[in-house]
Amino acid sequence: MADEIMLLDWWSSMFGMRVRIALVEKGLKYESREEDLNNKSPLLLEMNPVHTKIPVLIHNGKPICESPIIVQYIDEVWKDKSPLLPADPYQRARARFWADYIDNKIFQLGGKIWTRKGEDREAAKKELMECLKILEGELGEKPYFGGENFGFVDVSLVTFSCWFYAYESCGNFSIEAECPKLIAWTKRCLQKSSVSSSLPDPLKIHDFVVQLRKKFGIE
Amino acid sequence: MGEEVKLFRSWSSPFALRIVWALEIKGIEYEAVFEDLSNKSPLLLQYNPVHKKVPILVHNGRPIAESFVILEYIDETWKQVPLLPEDPYERAMARFWAKFCDDKVLTSIWSAFIKQGKEQEEALVAAAENLKFLEKEMKGKKFFGGERIGYVDIVLGWLANLVSIFEEIVGLKIVDERKFPLLYSWMQDFAEAPIIRDNCPPRDKMIVKFKALLDAAIASSSSSSK
């Protein structure tokens, strides 16, 4: 029996992008459904009653929510192709640690840069750069966070890269100036079809952010 | 091969307690290193430079930080008495509920304890909404893990010993037995399980500590302008 896979998604969500990348890495066919986040579908509300958020992966009718959980699920079910987590428990722990760090820092800090003004924005910018520098340090000289192979931490972080241009414009700064190796890593990742096919054009994200800022009256 | 397992903890951290419970349940021998969090040791800072927090598990000299990460590491390294289910879908569900417990339940109950006035009322409402989801999840089960304690039970375990302490200090009911009968009975079963009962910080010391935290929070909120 063929697997039925559906992804409830939203085009600009870094979290949805992570699941797209994982599905393509594993060579899986799936149906993508774009949600209107201002008018959530009955299916979304039924499949994620707790958070009513995307992404939601629906595998043979059963929902899985929260992008790091979905990516690990995909990795465990389709374990014979392109493993995203390493086999060694200690390396797995390191991967989970850094994915957790990314989840706790980047989204909130990036968000503050485009939604806030003045001191709040400056503080967020400073903290974001500190976090990205720490991540760049963790990458070191490796081609990917996963070492020789693209892995779980790479999936978790690369989806923010299409938002970098929007952050930089709003905050008037350059990520590449302070984290050149990290930007080189994003370009390396974009050479993978799983990544390039899953991430929208940064200009599109930037225009979307400009629209939202106008709508919410942020300068 | 000689195993060296050390756990950096504080006497009261509920996050470190999760690791104590996991190690004890699996019968793993370890050395507990108690940290004074107001005066962190150089070793703690070396082992967890990013967050500078406990718990840290050090296994044969290699450190692992963040309680969820440590729990999964323990489960993958010592396979006796598994904490997470084998089936990938059930594992995903366990991870989902564990995250929900920390992101939503813990946050709302902590706010209900530490805040005052309108913020406290709102936190209590949020806590009740979150507890409803857990109550539903408990149907037909003794523990979240099924017949025996598992990953989600360990993550939520703070509820079993801290909530009554919070309720005593603020004089408010946070987990009402009538509204959440299944959760309430889980709290009793969990707290009475021998390994849990034998590995909990002393209640009177906890009351003193959390009362002091609350007093400090009240003092700082009334001295700042609103």
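If the condition is being surrounded by fewer than 14 Cβ atoms within 10 Å (Cβ to Cβ) and either within 14 Å of another protein chain (Cβ to nearest Cβ) or at positive phi (or both), then region A:80-128 contributes A:D80, A:A87, A:D88, A:N104, A:Q108, A:G118. Residue pairs whose Cβ atoms lie under 9 Å apart, sitting 6 or more positions apart in sequence or on different chains, and linking a residue in region A:194-206 that is surrounded by fewer than 20 Cβ atoms within 10 Å (Cβ to Cβ) to a partner that is at pLDDT 95 or above and assigned to a loop (DSSP other than H, G, I, E, B), are A:P200/A:W11; A:P200/A:S12; A:K204/A:W11; A:K204/A:S12. Can you pull out the residues in region B:163-183 that are without any contact (Cβ under 8 Å) to a residue 12 or more places away in the chain, open to solvent by 60 Å² or more (accessible area, probe 1.4 Å) and under 16 Å from B:N130 (Cβ atoms)? Answer for region B:163-183, where residues must be without any contact (Cβ under 8 Å) to a residue 12 or more places away in the chain, open to solvent by 60 Å² or more (accessible area, probe 1.4 Å) and under 16 Å from B:N130 (Cβ atoms): just B:K173. Filtering region B:31-59 to residues that are of a type in the set (F, W, Y) and open to solvent by 60 Å² or more (accessible area, probe 1.4 Å) leaves only B:F34. Among residues of region B:57-83 that are at the interface with chain A (Cβ under 7 Å from one of its Cβ atoms), those with a beta-carbon under 7 Å from a residue that is basic (K, R) and assigned to a helix (DSSP H, G or I) at least six positions away or on a different chain give the pairs B:V69/A:R96; B:E72/A:R96; B:E76/A:R92.
I'd like to check something: does region A:161-174 contain any residue that is under 22 Å from B:V69 (Cα atoms), modelled with pLDDT of 95 or more and under 12 Å from the mean Cα position of the chain (by Cα)? No - not one qualifying residue is present in region A:161-174. Here A:I64 does not qualify as modelled with pLDDT of 95 or more, open to solvent by less than 20 Å² (accessible area, probe 1.4 Å), in contact with a His (Cβ under 9 Å, 6 or more places away or on another chain) and over 24 Å from B:P63 (Cβ atoms). Does region A:1-40 hold any residues that are closer than 12 Å to A:V56 by Cβ, small (G, A, S) and open to solvent by 10 Å² or more (accessible area, probe 1.4 Å), and which are they? Within region A:1-40, A:S13, A:S32 qualify. Considering region B:60-93, and only residues there that are among the β-branched types (V, I, T) and open to solvent by less than 30 Å² (accessible area, probe 1.4 Å), the residue that is farthest from B:R18 (Cα to Cα) turns out to be B:I64.
The values are calculated or read from the model by the stated rules, or taken from the named source; none is laboratory data. What you are looking at is a predicted structure, and each value in this text was computed from that prediction instead of being measured. Every residue, glycine among them, receives a Cβ derived from its backbone with ideal geometry; neighbour counts consider all protein chains shown. SASA here: full protein model, heavy atoms, side chains in, ligands and nucleic acids out. Shrake-Rupley method; radii C 1.70, N 1.55, O 1.52, S 1.80 Å.
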